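Enquirer: Please read through the structure below; I'll follow up with questions.
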């Protein structure tokens, strides 16, 4: 005999109920239709948690790519510590186990008045609620000379995928003694510690393969988070290899020249063997087109429901939003997505809403067996997401604690991607 | 299948007619456990991060209370536990204790 899982039982409950009662639920339609645009961490999490909620919801996920490549852990791939394939996650489990309709198409436009999303293939999806998780795009002309063609010569590798492979190839073919240059954009940008983690792991790779190589960071800022922890690790693991120059020293990066792979600042021109340019960022294009962004280029939202402050009935999660202290990280996107999914489900069912708990937790690699972690909790205060509790690893942590964190990070990756993609 | 369907209808009707205290508590537990799932696999799998499946309600409650009281063992769990009320700790412990208890 077949043993019933909780989920199958839940589905049967829904199906049997509809047959038995054959009447509309309290709020209009028998099943509310929620469309989620964007299958990154935020979008996939919203879709999964809505589909598995107690409220009967028809969930459609719109995402052009067949599989998602995680930005987190892509620095390990860059350093040769993880195969590229291990970063890829498909949508099959979300479709098969959670009954989500996954459509591999791009969304062309949102029509809030008609409550429809137009897809690039000409079809239209109607929704009762829409969730948009558009991620980031790069600001045009933020850096003179950095256009689409320049990205193929001086990769950003800030969306994991072909760009990560290109940067890895450039690093591998760099001669010993070469300079690896990282340009860090102004705040806010996706994953604040990532440029410094990248510098650490590139140094770790070079230490074995190109011991005379140097890494130079040209920053748009004058300080960065956990700076003491990073600089302590750079001195311990890679003495003399990594140099960090703040904006007050260089005057800031103003332009790039792809022909010579150089980076131009107010005071000097830096020429490198490999140049990794991380450009300034803003919310993804669909958010711009749909009027979901304010003058900052990011999307303001209600900190409890993640409903757009500009377009009612449309929710936003992930890197595209602003409105407080939550950094642009996969963990935050996942945390926001759950709060958003539970808020939508409670609203559709007309049931009570419980206070959401929002967190960011982050493991950052300083070396293959040396990682540090932080944990922050957030609460909605006066319409903003305020950081209320915050802990970060300290410089004096023992090497055993750091080794444990590096191992925990591997386990976290497995559990987290399982939480998002099933 | 018939008896299963019949009991399912009965369960569903209870849910539909009124959200009982027990259901609301389970909903809160499920919502809080979603936070756990960002790092701990609720199917009991995974390595590197300690499993929270199969521990029982009391051990889970005591662990969360201990994490809330002190930063020393793990600052991530300390930050998480500090954000939880006594009632929320009881609710999430009860919910998580029920997960994965019937291995297939």
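Quick note: the coordinates plus some simple rules give every number you see, no bench work behind them. Please read all numbers here as calculations on a predicted model, not as lab measurements. Positions of Cβ are generated from backbone atoms using ideal geometry, with glycine treated the same way; all protein chains shown enter the neighbour counts.
Enquirer: Post the alpha-carbon centroid distance, region B:42-63 to region A:132-148, in whole angstrom.
Expert: Value for the Cα centre distance between the two parts: 43 Å.
Enquirer: Angle between the Cα long axis of helix A:194-209 and the longest principal axis of chain A, 0 to 90 degrees, nearest 10?
Expert: 50 degrees
Enquirer: At a Förster distance of 45 Å, what's the computed FRET efficiency of residue B:24 paired with residue A:399, Cβ-Cβ distance as r, to 0.05? Don't skip to the end; give the middle numbers.
Expert: On the way: r = 47 Å, r/R0 = 1.04.
Computed FRET efficiency for residue B:24 and residue A:399: 0.45.
Enquirer: Average partner chain C-beta neighbours within 10 Å, per residue of A:407-414? If you can, show how the numbers build up before the last one.
Expert: Details: counts 3, 7, 2, 4, 9, 7, 3, 7.
Averaged over the peptide's residues, the number is 5.
Enquirer: What ranking do A:359, A:84, A:391 get, fewest neighbouring Cβ atoms within 10 angstrom at the top?
Expert: A:84, A:391, A:359
Enquirer: Quick one: length gained pulling residue A:84 to residue A:347 fully straight, 0.36 nm per residue minus the C-alpha distance?
Expert: 90.6 nm is the gain from fully extending residue A:84 to residue A:347.
Enquirer: For B:68-77, what's the mean count of beta carbons from other chains sitting within 10 Å of each residue's beta carbon?
Expert: What the average comes to for B:68-77 is 3.
Enquirer: Would you mind calculating the gained length between residue A:123 and residue A:243 on full extension (0.36 nm times residue separation, minus the Cα-Cα distance), in nm to one decimal? Working shown, then result.
Expert: Working: separation 120, 0.36 × 120 = 43.20 nm, distance 5.18 nm.
That works out to 38.0 nm of additional length.
Enquirer: Just to confirm the number: angle between the C-alpha axis of helix A:41-51 and the first principal axis of chain A, 0 to 90 degrees, nearest 10?
Expert: Between helix and principal axis, roughly 20 degrees.
Enquirer: In the protein assembly as shown, what % of DSSP beta bridges are antiparallel (nearest 5)?
Expert: 55 percent
Enquirer: Can you give the Kirkwood hydrodynamic radius for the protein assembly as shown, in Å, rounded to one decimal and based on Cα pairs?
Expert: Mean inverse Cα-Cα distance, inverted, gives 24.4 Å.
Enquirer: Any idea what log10 I(q)/I(0) is at q = 0.11, 0.19, 0.27 Å⁻¹ for region B:19-98, Debye with uniform C-alpha scatterers and no solvent?
Expert: Treating every Cα as an identical point scatterer, log10 I(q)/I(0) equals -0.27, -0.80, -1.47.
Enquirer: For region A:253-313, what relative contact order do you get, as a whole percent, if you take Cα pairs closer than 8 Å and at least 6 residues apart?
Expert: Relative contact order comes out at 17 percent.
Enquirer: Still on this model: How high is the relative contact order of region A:54-104, given as a whole-number percent (alpha carbon pairs under 8 Å, six or more residues apart)? Don't skip to the end; give the middle numbers.
Expert: On the way: 49 pairs, mean separation 26.9, N = 51.
Relative contact order of region A:54-104: 53 percent.
Enquirer: Sort A:249, A:180 so that the residue with the fewest other Cβ atoms within 10 Å of its own Cβ comes first and the one with the most comes last.
Expert: Neighbour counts put them in this order, fewest first: A:249, A:180.
Enquirer: Treating the angle as unsigned and between 0 and 90°, give the value, to the nearest 10°, between the Cα long axis of helix A:399-421 and the longest Cα principal axis of chain A.
Expert: 40 degrees
Enquirer: Still on this structure, I have one more. Find how much the distance from residue A:208 to residue A:269 grows on full extension, using 0.36 nm per residue of separation minus their present alpha carbon separation; answer in nm with one decimal.
Expert: Extra length from residue A:208 to residue A:269 when fully extended: 19.1 nm.
Enquirer: Quick check: pseudo-label points 7 Å beyond the Cα along Cα→Cβ at residue A:221 and residue A:141, how many nm apart are they?
Expert: About 2.7 nm separates the two model spin labels.
Enquirer: Can you sort A:216, A:316 by how many other beta carbons sit within 10 Å, fewest first?
Expert: With the fewest neighbours first, A:216, A:316 line up as A:216, A:316.
Enquirer: Rule-of-thumb check for region A:60-152: C-alpha Rg over 2.2 N^0.38 Å?
Expert: 1.40
Enquirer: Here is a further query. Given labels modelled 7 Å from the Cα in the Cβ direction, how far is it in nm from residue A:93 to residue A:152?
Expert: About 3.6 nm separates the two model spin labels.
Enquirer: Please compute the contact order of region A:148-279 in relative form: average sequence separation of alpha-carbon pairs under 8 Å and at least six residues apart, divided by the residue count, as a percent.
Expert: Rounded, it is 33 percent for region A:148-279.
Enquirer: Also, I was wondering about something else. Which value in Å does the Kirkwood hydrodynamic radius of region A:148-279 take, with 1/r averaged over all unlike C-alpha pairs and then inverted?
Expert: After inverting the pairwise mean of 1/r, the radius is 14.8 Å.
Enquirer: Would you calculate a helix-derived [θ] at 222 nm for chain A, using -39,500 (n - 2.57) for each DSSP H run of n ≥ 4 and dividing by the full residue count, to the nearest 500?
Expert: -9500 deg cm²/dmol
Enquirer: What ranking do B:51-60, A:395-404 get when scored by the average of other Cβ atoms within 10 Å per residue, highest first?
Expert: Ranked by mean Cβ neighbours within 10 Å, highest first: B:51-60, A:395-404.
Enquirer: Still on this structure, please answer the following. Can you pull the mean other chain C-beta count within 10 Å for peptide B:46-53?
Expert: Per residue, the average neighbour count from other chains is 5.
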